[in-house]
Amino acid sequence: MRQPWLNPLGTPPQRGVPDDFSPASAALPIRGAAIVLAVAYLLLIAGRSEAILDAAYGLPVVTGTETLIAIAEWWNDAMSSLAVPEAFSAIREWLSLGR
């Protein structure tokens, strides 16, 4: 049995490197992968805004801590006004029903 990436028997060999990164390839371009990762990170920090605020309150008092706490409070208030933490909490409870 021949491997799927090899040419069928009887065909002349191709010259150069095979094009594995054509639009028909299964590889995701870096632009698409970056967009997917950015959306995933945004969902993670949106759903965990309360935990981020708690972590910010636990930071040691150094230069810039007040700024980080203010940003975390603003982010939590913005997400709470959209009811995002409550929605993610409900999803986590629903997913933990099978445990």
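Does the range 52-80 hold any residues that are in contact with a Leu (Cβ under 8 Å, 6 or more places away or on another chain) and either of a type in the set (S, T, N, Q) or more than 16 Å from LEU42 (Cα to Cα) (or both), and which are they?
Of everything in the range 52-80, those that are in contact with a Leu (Cβ under 8 Å, 6 or more places away or on another chain) and either of a type in the set (S, T, N, Q) or more than 16 Å from LEU42 (Cα to Cα) (or both) turn out to be ALA56, LEU59, THR65, LEU68, ILE69, GLU73, ASN76.
I'd like to check which helices (runs of 4 or more DSSP H) are fully inside the chain and have at least 2 residues that are surrounded by 11 or more Cβ atoms within 10 Å (Cβ to Cβ), touching a strand residue (DSSP E or B) at 6+ places or on another chain (Cβ under 8 Å) and modelled with pLDDT of 95 or more.
none
With acidic (Asp, Glu), without any contact (Cβ under 8 Å) to a residue 40 or more places away in the chain and more than 20 Å from ALA90 (Cβ to Cβ) as the only criterion, which of GLU73, GLU50 stands out?
Of GLU73, GLU50, the one residue that is acidic (Asp, Glu), without any contact (Cβ under 8 Å) to a residue 40 or more places away in the chain and more than 20 Å from ALA90 (Cβ to Cβ) is GLU73.
The values are calculated or read from the model by the stated rules, or taken from the named source; none is laboratory data. As the structure is a prediction and not an experimental result, all values here were calculated from the model. Glycine also receives a Cβ, built like all others from the backbone with ideal geometry; neighbour counts cover every protein chain displayed.
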